[in-house]
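The values are calculated or read from the model by the stated rules, or taken from the named source; none is laboratory data. Computed from a predicted model, the values in this text were never measured in an experiment. Glycine also receives a Cβ, built like all others from the backbone with ideal geometry; neighbour counts cover every protein chain displayed. SASA here: full protein model, heavy atoms, side chains in, ligands and nucleic acids out. Shrake-Rupley method; radii C 1.70, N 1.55, O 1.52, S 1.80 Å.
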Amino acid sequence: MIDQPEPTGIAGAILDDAVAALAAGEVVGLPTETVYGLAGDAGSRSAVEKIYRIKGRPADHPLIVHVLGDAQARQWGAWNDAAQRLADAFWPGPLTIVLRRLIGAPPWACAGQPTIALRCPSHPIARAVLARLLPQGISGVAAPSANRFGRVSPTCAAHVRADLGNEVTIVLEGGDAEVGIESTIVDLSRGRPYLLRPGHLGADALAAVLGEPVAAADSAAPKVSGSLASHYAPMKPLRLVASSQLDAALAQALAAGHRVAVCSVVRPQGEGHGVVWRSRSASVDEVERDLYRAMRELDAAQVDLILMESPPGEPAWSAVNDRLERAAAPR
Ligand code: TXA
Ligand code: MG
């Protein structure tokens with residue numbers, strides 16, 4: 001694991017404040033490489049309760065516990081061979097591993113489930129916070145995405161302040177999230193691996209390291225809030241449209257009197273009056289990085305309908321397609 005240089009000056013002072021707040025049971029906005037989290041001491045019942053209250057998250061949806069490394073993960077979950085392989089290959093990074101929770105590990109983040117979700121983030125500020133909390137006896141930080149329940153995840157500090165600024169006084173500045181969508185979640189608590197949430201790290205990459213296929217989640221899988229049909233949703237209706245149908249769908253929406261935002265690789269025909277266009281990259285990494293920012297911008301535009309060009313169907317795009325299908329699901 002690479003040690004990061006400690007932030008100094010103003011950044012260092014704010015880091016000190018954030019660490020002190022976390023140690024005192026407060027919650028802070030924390031940058032990670034995937035999305036920004038709303039962080040609190042996972043060992044503190046009241047800190048975890050604050051997270052639920054501020055997010056408006058239902059009490060039966062468990063939170064991910066962030067750790068500095070596998071040594072800390074072992075204090076929370078029943079570590080196994082598969083976990084070790086995945087941690088060696090992908091931690092620190094955008095992978096969350098679900099394990100059986102150890103008897104005696106604080107259960108507050110687990111929403112009554114016998115399992116616990118663990119992630120070792122790579123963002124240097126998240127790591128600096130976790131490293132400084134360790135000597136204070138805090139080995140895990142619960143951090144769901146720092147947005148209100150069901151809405152679009154934040155990928156920069158300004159998004160967190162816009163959503164939760166009234167309730168959260170400290171939001172650490174960590175730049176734009178490098179990955180941009182939430183971590184891949186794999187369940188290793190049930191004998192064979194299950195994919196609970198697709199992410200930047202694909203199931204094929206996990207399977208290659210594990211030496212066995214990673215199954216899609218079934219009905220016995222633990223509850224994942226991102227698995228609700230409508231999640232990650234902008235405020236305005238969003239429709240996914242195949243590239244070949246885009247011009248026709250736009251013409252139809254305009255004829256019906258809509259003010260329309262279009263997000264597509266190629267500028268649509270008839271773009272102009274009453275239409276806001278936002279270009280979309282053709283690269284999957286860039287689309288992941290930009291997805292939530294694009295949704296927020298289109299939500300804020302003077303339109304009442306968002307038309308989003310459907311991305312390709314290949315496995316590499318499965319996380320993007322997953323998020324977009326939920327964003328487009330009827331509410
Ligand atoms: O990238 C991420 O994972 C971000 C950053 C902040 O690390 N966090 C994040 O947290 O996306 P959240 O709370 O928005 O999503 C946590 C997901 C939920 O879908 C939840 O149901 C699932 O993890 N989860 C948490 N504990 C679980 C458990 N014990 N078993 C199964 N799923 C669990
Ligand atoms: Mg979330």
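Label residue 212 and residue 243 with points 7 Å out from Cα along Cα→Cβ: what is the distance between them in nm?
Each label point lies 7 Å from its Cα, and together they span 3.9 nm.
In the range 9-216, with Lys and Arg counted as +1 and Asp and Glu as -1 at Cβ, which of these residues, 73, 104, 126, has the Cα nearest the positive end of the dipole, that is, farthest along it?
The residue sitting most towards the positive pole is 104.
Where both residues lie in the range 54-152, what percent of DSSP beta bridges are antiparallel, nearest 5? Walk me through the numbers on the way to the answer.
Values: 8 of 11 bridges.
Here the antiparallel bridges make up roughly 75 percent for the range 54-152.
Which FRET efficiency value, to the nearest 0.05, is calculated for residue 173 and residue 89 with the Förster distance at 30 angstrom and r the Cβ-Cβ distance?
Details: r = 30 Å, r/R0 = 1.00.
With a Förster radius of 30 Å, E is 0.50.
Nearest 20 debye, what's the magnitude of the dipole of the range 7-121 about its Cα centre given +1 on Lys and Arg Cβ and -1 on Asp and Glu Cβ?
Working: 10 positive and 10 negative charges, 79 e Å.
Roughly 380 debye, rounded to the nearest 20.
Helix 45-55 against the longest principal axis of the chain: what's the angle in degrees, Cα atoms only, rounded to the nearest 10?
10
Tell me, what is the FRET efficiency for residue 158 and residue 81 to the nearest 0.05, using R0 = 41 angstrom and their Cβ-Cβ distance as r?
Working: r = 42 Å, r/R0 = 1.02.
With R0 = 41 Å, the Cβ-Cβ based efficiency is 0.45.
Can you work out the FRET efficiency for the pair residue 20 and residue 131, with r the C-beta to C-beta distance and R0 = 22 Å, to the nearest 0.05?
Values: r = 15 Å, r/R0 = 0.67.
Efficiency, rounded to the nearest 0.05: 0.90.
Dipole magnitude of the range 238-327 about its Cα centre, charges +1 at Lys/Arg Cβ and -1 at Asp/Glu Cβ only, in debye to the nearest 20? Present the calculation step by step, with values, prior to reporting the outcome.
On the way: 10 positive and 13 negative charges, 46 e Å.
The calculated dipole for the range 238-327 is roughly 220 debye.
So what's the angle, to the nearest 10 degrees on a 0 to 90 scale, between helix 81-90 and the longest Cα principal axis of the chain?
Helix 81-90 sits roughly 60 degrees off the main axis of the chain.
Take every DSSP beta bridge with both residues inside the chain and express the antiparallel ones as a percent of the total, to the nearest 5.
Numbers: 17 of 41 bridges.
Roughly 40 percent of the DSSP beta bridges within the chain come out antiparallel.
When all C-alpha to C-alpha distances in the chain are sorted into bins of 20 Å, what percent of pairs does each bin hold, rounded to whole numbers?
Computed distribution, short to long bins: 32, 55, 12, 0.
Calculate one ³J(HN,Hα) per residue across the range 164-170 by plugging θ = phi - 60° into the Karplus curve 6.51 cos²θ - 1.76 cosθ + 1.60, and present them in order as whole Hz with x for glycine and proline.
10, x, 6, 9, 10, 7, 10
Could you provide, to the nearest whole Å², the per residue accessible area of the chain with probe 1.4 Å?
Working: 13990 Å² over 331 residues.
Solvent-accessible surface per residue comes out at 42 Å².
Roughly how big is the range 9-216's charge dipole about its Cα centre, with Cβ charges of +1 (Lys, Arg) and -1 (Asp, Glu), in debye to the nearest 20?
Value, rounded to 20: 540 debye.
Which of 145, 240, 114 sits closest to the plus end of the dipole of the chain, meaning its Cα is farthest towards the positive end, when Lys and Arg get +1 and Asp and Glu get -1 on the C-beta?
It is 114, whose Cα lies furthest towards the positive end.
For the chain, what is the calculated [θ] at 222 nm in deg cm²/dmol (nearest 500), taking -39500 (n - 2.57) for each run of four or more DSSP H residues and dividing by its residue count?
On the way: 10 runs with 104 residues, N = 331.
Roughly -9500 deg cm²/dmol at 222 nm, from the helical runs in the chain.
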